[in-house]
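Right, one structure below, let's go through it.
No lab work stands behind these numbers, since they all come straight from the coordinates. Because the structure is a prediction, the values reported are computed rather than measured. When we count neighbours, we look across all protein chains shown, and the Cβ atoms used for this are built from the backbone with ideal geometry, even at glycine.
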Amino acid sequence: MHTPIDPTVAEIVERLNENQREMFEERAGQREFSAGLHREYAEAMALADVLARYPEALTTIEVFQLDVDDEKRFCISSSEDLVREFAEKLGGEIAARRSVAWAVDEEFGGLALVSAA
């Protein structure tokens, strides 16, 4: 994978997960080679595609599923290290990382009540 030409595009692309990065690379390549667009413009358009589909890619906030005593618990955080420490204090571990939108929709049926730890 190459580093995008535009520094702002490069900074955002660096935050993408593997699937989002793959989508970015595919779309940029299609626009550059099939449509004949300049690489810098092709990358910007590809990033716009990714962000339209995955707007949560602009944030570092994620939902972490913890397994503690055979029970699912969820943490919202911008730091995996803090979540790992918290999970260890509870005697558990991180089982999954998800976008906030995915967790609210899939785990909580569209509405999640959040309380402080």
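Data table
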| item | result |
| --- | --- |
| Count - residues of region 21-55 that are within 23 Å of A96 (Cβ to Cβ), out of contact with any Leu (no Cβ under 9 Å at 6 or more places or on another chain) and buried (at least 16 other Cβ atoms within 10 Å of the Cβ) | 1 |
| Selected residue (criterion: surrounded by the fewest Cβ atoms within 10 Å (Cβ to Cβ)) from residues of region 82-105 that are among the charged types (D, E, K, R) and more than 16 Å from the chain's Cα centre (by Cα) | K89 |
| Residue among D67, D81 that is touching a strand residue (DSSP E or B) at 6+ places or on another chain (Cβ under 6 Å) and not β-branched (V, I, T) | D67 |
| Single condition G91 does not satisfy, out of (1) on the phi < 0 side of the Ramachandran plot; (2) touching a strand residue (DSSP E or B) at 6+ places or on another chain (Cβ under 9 Å) | (1) |
| Subset tally (residues that are more than 18 Å from the chain's Cα centre (by Cα) and either surrounded by 14 or more Cβ atoms within 10 Å (Cβ to Cβ) or charged (D, E, K, R) (or both)) for region 1-20 | 3 |
